[in-house]
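Heads up: the structure comes next, in structure tokens.
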Amino acid sequence: MEIDCSRKKICFVIMGFGKKSDPESKMTFDLDKTYKNIIRPAVIEAGYECVRADEILDSGLIDRSMYALLMQADLVIADITTYNPNAIYELGIRHGVRPQSTIILKEENGKIPFDLDHNRMCMYSHMGEDIGFDEVERCKKHLVDLIENVTKKQEIDSPLYQFINNLNPPILPEEEYISLIDDLAEKESLIFAVVEKAKNKMKESDFESAAKYWEKAHKSAPNEPYFIQQRALSVYKSEIPSPVTALTDALNIISELSPDEVATSDPETLGITGAIYKTQWLINGDVASLNRAISYYGKCFNIRNDYYTGENYALCLDMKSNVSEDPDEQAHSRFEAKKVRKKIISALLDIIEFGEIETRIDRKWIYATLSHCYFVLKSDDKHKEYEALFMIESPDEWEVSTYEKNKQKINELHGVIK
């Protein structure tokens, strides 16, 4: 990526990275989708060079270049969805050092914790894991219009400069700013590129390579939990040097985020830790691993209520009811698993009833999950209905295989439940 300040204006984007949970709504949002699908295309269409705060990889440059960009960038866009502390802090600095040319984005639900100029705010609807196509197009157009309006009018949008007259902002020498931008261009080591490579390797099931890219990203931004989470996930899925050793390594990595602490509430951390322990149980049959998987999945499901975690939680409860020698524990596990599946069905049927299903990129997996849940609950007509809808979505061969394996596992398990 090459940035020439003499020819192109700079837009500095401050926001969280990866998947972040909102402390109020408990929803988890994939902020990378917001950046890739809305912010970056809109910024480029409006004629700006786009630089994301978390893209600055070199730790020797990160603080110096960040403050310089907050002071000098022609435009700053701050996405404060989930109230990311770094984004809020950097937005405050921008308002303190630059009177104008700042735009704020936020997911439309939830309260705004402080007074902001709503004329310079772009609200969007985020489904959590993704953003619907129509909403992407609407928000992108709105943001382009907002950028063009802000660029043309150059009105004061900083609360500090709005309320205190005759205040002069600090000045960074132009040559120093250009030098910093040149340094960034020469490095050619943007976190965004590293993360994209990691994600692509995961899509290709090359988890060993993905883990190496996540490790590189983590070393450059040690305080970013998302990189630790994805590295742990990739390591355990790589099964290298062996499945058992990979699981141990993954637990050591995720332990950096203290999943055992009572205060830990990050659903990604809890969900990945649960998955590691579930896999450990399937390999070694250690009931202690199963109990931990249930604990982590249960806590994660209570926070996020997503169908993927819920289905795994219910499945672990099924396995618990099968291995337990305590009749009360067996009954409790079966009861809890049934309650979880009914809750999943209710939530997914709401998505269908309110017309949101057509915009969901995970539509096929919603149908698959409903089919599995009804299969367990012995509602054969509903099971077949949603299985047919899953197949209508033309799933890939591996997706059909995954669906059938999960169905077979459920069938085997429920055939032997005491």
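Between Lys405, Lys338, Lys320, Lys364, which is at pLDDT 90 or above, part of a helix (DSSP H, G or I) and within 29 Å of Ser205 (Cβ to Cβ)?
Lys364
Determine whether Ala246 is out of contact with any Asp or Glu (no Cβ under 6 Å at 6 or more places or on another chain), among the aliphatic types (A, V, I, L, M) and crowded, with 21+ Cβ neighbours inside 10 Å. First the steps, then the outcome.
Numbers: out of contact with any Asp or Glu (no Cβ under 6 Å at 6 or more places or on another chain): no; among the aliphatic types (A, V, I, L, M): yes; crowded, with 21+ Cβ neighbours inside 10 Å: yes.
The answer is no for Ala246.
If you go through segment 262-272 one residue at a time, do you hit one that is among the hydroxyl-bearing types (Ser, Thr, Tyr), without any contact (Cβ under 8 Å) to a residue 40 or more places away in the chain, outside any helix (DSSP H, G or I) and closer than 27 Å to Pro23 by Cα? Lay out the reasoning, then the answer.
First, pick out the residues of segment 262-272 that are among the hydroxyl-bearing types (Ser, Thr, Tyr): 264-265, 269.
Add one more test, that the residue is without any contact (Cβ under 8 Å) to a residue 40 or more places away in the chain, and what stays is 264.
Now restrict to residues that are outside any helix (DSSP H, G or I): 264.
Those still in the list that are closer than 27 Å to Pro23 by Cα too: 264.
The answer is yes, given that some residue of segment 262-272 is among the hydroxyl-bearing types (Ser, Thr, Tyr), without any contact (Cβ under 8 Å) to a residue 40 or more places away in the chain, outside any helix (DSSP H, G or I) and closer than 27 Å to Pro23 by Cα.
Mind listing whichever residues of segment 247-262 are over 13 Å from Thr279 (Cβ atoms) and more than 20 Å from the chain's Cα centre (by Cα)?
The answer is Asn252, Asp260, Glu261, Val262.
May I ask you to verify whether Tyr226 is of a type outside the set (Lys, Arg), out of contact with any helix residue (DSSP H, G or I) (no Cβ under 6 Å at 6 or more places or on another chain), crowded, with 21+ Cβ neighbours inside 10 Å and under 22 Å from Thr279 (Cβ atoms)?
In short, yes.
In segment 34-71, how many are under 21 Å from Asn84 (Cα atoms), charged (D, E, K, R) and modelled with pLDDT under 85?
5
For residues that are under 14 Å from Ile345 (Cα atoms) and either assigned to a loop (DSSP other than H, G, I, E, B) or more than 30 Å from the chain's Cα centre (by Cα) (or both), tally how many sit in segment 384-397.
Counting residues in segment 384-397 that are under 14 Å from Ile345 (Cα atoms) and either assigned to a loop (DSSP other than H, G, I, E, B) or more than 30 Å from the chain's Cα centre (by Cα) (or both) gives 1.
Out of (1) surrounded by fewer than 24 Cβ atoms within 10 Å (Cβ to Cβ); (2) modelled with pLDDT of 95 or more, what's the single condition that is false for Gly274?
It fails just one condition, (1).
Tell me whether segment 108-118 contains one or more residues that are β-branched (Val, Ile, Thr) and at pLDDT 80 or above.
No, there is no match, as no residue in segment 108-118 is β-branched (Val, Ile, Thr) and at pLDDT 80 or above.
Please identify the pairs in which a residue from segment 96-121 that is within 20 Å of Val43 (Cα to Cα) has its Cβ atom under 7 Å from the Cβ atom of a residue that is at pLDDT below 65, counting only partners at least 6 apart or on another chain.
Close Cβ pairs satisfying both conditions: Ile104/Leu116.
The values are calculated or read from the model by the stated rules, or taken from the named source; none is laboratory data. The structure presented is a predicted model; accordingly, all values stated were derived computationally and were not measured. Virtual Cβ from ideal backbone geometry, glycine too; neighbours counted across all protein chains shown.
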